[in-house]
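Student: This is the structure I have questions about; it appears just below.
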Amino acid sequence: MAVARRLCSLSGWALCRPVLGHVSVQRGYRGSSPTDSGKDVLEIPLPPWQERPDEPLETKRARLLYESRKRGMLENCILLSLFAKENLSRMSERQLNLYDRLINEPSNDWDIYYWATEAKPTPAVFENDVMAMLREFAKNKNREQRLRQPDLEYLFESPR
């Protein structure tokens, strides 16, 4: 116990307290307290989305498949990767361009999720047939279990 007190006093831990002979460090999140200046928040600007008019269609499909799977938030990884598996191969070039813009222009992935699940209204710039397809897919009318991304073996199967 004396060692623990000494450790707390040497380390400057103001939140140390002994618990049954052990040292417990309290952890917590202050949230957005009125005294928080926000100066420690680093905002990294994203490069603006750019259309790729000369990209071959098969390259575009492969890139969009990858980008649908690697989102940074599990909800969109699952939703978009399953949507891509079901729809990318039959989308027209115009639809691929709309999907590219939809998943790459917004800076916040939660926005895409909220639009797809109709938790928030979709901005007019993204309101199109691809967004309608995504919203319909998100409704999961067949009640499929969507707990993980699809395996990639389907890419190597012969087309039906």
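Student: Please list, ordered by first then second residue, the pairs with beta carbon atoms under 8 Å, 6 or more apart or interchain, first in the range 92-112 and over 16 Å from Glu55 (Cα atoms), second among the β-branched types (Val, Ile, Thr) and not in a helix (DSSP H, G or I).
Tutor: none
Student: I'd like the residue in the range 69-94 that is part of a helix (DSSP H, G or I) and either more than 18 Å from Asn140 (Cβ to Cβ) or touching a Cys at 6+ places or on another chain (Cβ under 8 Å) (or both) and, out of all such residues, is most open to solvent (accessible area, probe 1.4 Å).
Tutor: Once the filter is applied, the top-ranked residue is Arg90.
Student: Then there's this: Can you tell me how many residues within the range 100-157 are farther than 16 Å from Leu88 by Cβ, open to solvent by 40 Å² or more (accessible area, probe 1.4 Å) and among the polar types (S, T, N, Q)?
Tutor: 5
Student: Out of the range 45-64, which residues are aliphatic (A, V, I, L, M) and either in a loop (DSSP other than H, G, I, E, B) or open to solvent by 70 Å² or more (accessible area, probe 1.4 Å) (or both)?
Tutor: Leu46
The values are calculated or read from the model by the stated rules, or taken from the named source; none is laboratory data. The structure presented is a predicted model; accordingly, all values stated were derived computationally and were not measured. Because the Cβ atoms are built from the backbone with ideal geometry, glycine has one as well, and the counts that use them run over all protein chains shown. Side chains included, ligands, DNA and RNA excluded: accessible areas come from the protein's heavy atoms. Shrake-Rupley method; radii C 1.70, N 1.55, O 1.52, S 1.80 Å.
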